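> Once you've had a glance at the structure underneath, I'll fire off some questions.
Where a number appears in this text, it was derived from the coordinates with a stated rule and is not lab data. Quick caveat, the model's predicted, so the values are computed rather than measured. FYI the Cβ positions are ideal-geometry reconstructions off the backbone, even for glycines, and counts take in every protein chain you see.
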C-alpha cells in the first residue's frame, strides 16, 4: 500500500500557518508528500525545503488572484497538488496548512487505509474535527464549526476538490466514505490577533466578500476573538509536533466558556446536540456507507 500526502500553501510565514507541523504530523505514515507552494511574499518555499525529508516533493504554482468567488482558488490549488501525485499511489492523504493530526491516531489511520484498500466502494475516509479558537485551551463548540470532513481519498484523478477546498466530489457527486475514529485538529483560529486580522483581510478577497473588506478597510486593529458565540475547554493533549509553537504563544485570550451568545433557536439546537449528539440540519459533503 502506497500513501501520498498532499497539500498547498502560500505565504505561510506571513500568515503564521503551522504548515511544517501539518506536514510532519502525517509524514510518518506517508511514502511521499506533494506540496504545492504558491507564489509567496516570504520564504515559504525555503520553510518547506528545510523540513529536510526526502519524501517531500515541491511543485511551484501561481495562484489565480482573479478567482474571487467562494474561495474557488483554494480548490484549484488543491487539485494541482493532487494531480501531481504518482500513479502508483493507493491513498492520498490531504491536509491543509492549519490542520495537524495527533500522533496517537496514526496507527488507527494506517489500519483503516489497509482495511479498505481493496474495496472500491470506499472512495475516502472521513475524520472528526476539533476547531481550536482564540488559544490552545479552547475549542469552538457551536454549529458554525463543521464536525467532520473527508481527508483521505482514492488516487482517482476524477475526484476534484469542492468549493473552497473543504472536501471532495467525484463527477459532481458526494464521495462514498467510511468514518474513522480519528481527529484532525484545526488551528486556523489560533494565532496572534494581528496575524489573524491580516489573514482575514487577505482571504476574504477570495470569497468576494466586499462588505467585509469595506468594513475592515484598515488592519491596524488586531482581531477581536471575543466575538465568538460559544467555546468549551479543551481537555486533551496537543500533538507533539505542535509543542514548540504552543510554548511561543505570546497573547492573552480570556473568555468564560459558560457564557453563550446564541439566539433562542440556536440555543435550542445546541441543547439538542449536547444531549443527543444529533446536529439537526447538518450539511454533509459525503455519504457514509
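> Suppose only helical runs count, i.e. DSSP H with n ≥ 4. What mean residue ellipticity at 222 nm does that imply for the chain under -39500 (n - 2.57) per run, divided by all residues and rounded to the nearest 500 deg cm²/dmol?
After summing the helix terms and dividing by residue count, I get -7000 deg cm²/dmol.
> Could you work out the relative contact order of the chain? I mean the mean sequence separation of Cα pairs under 8 Å and 6+ apart, divided by the number of residues, in percent.
With pairs under 8 Å counted, the relative contact order is 21 percent.
> Over the stretch 101-155, calculate the relative contact order: mean separation of alpha carbon pairs under 8 Å at least 6 apart, over the residue count, as a percent.
Dividing the mean separation by the residue count of the stretch 101-155 yields 35 percent.
> How fast does the chain diffuse by Stokes-Einstein, in µm²/s, taking the Kirkwood radius from C-alpha pairs at 37 °C and 0.692 mPa s?
For these conditions, the coefficient is 165 µm²/s.
> Using a Gaussian network model of the chain whose springs link C-alpha atoms within less than 10 Å, name the residue from 39, 50, 204 with the highest mean-square fluctuation.
In this elastic network of the chain, the residue with the biggest mean-square fluctuation among 39, 50, 204 is 50.
> Among 262, 132, 82, which one moves the most in a GNM of the chain with springs linking Cα atoms closer than 10 Å?
Result: 262 has the largest fluctuation of those listed.
> A further question follows. Dividing the Cα radius of gyration by the Kirkwood radius, what Rg/Rh value follows for the stretch 146-289?
A ratio of 0.98.
> What order, most packed first, do the peptides 168-179, 264-275 have when packing is the mean number of other Cβ atoms within 10 Å of each residue?
Final packing ranking: 168-179, 264-275.
> OK, next. What share of Cα pairs, in percent, lie more than 15 angstrom apart in the stretch 70-129?
63 percent
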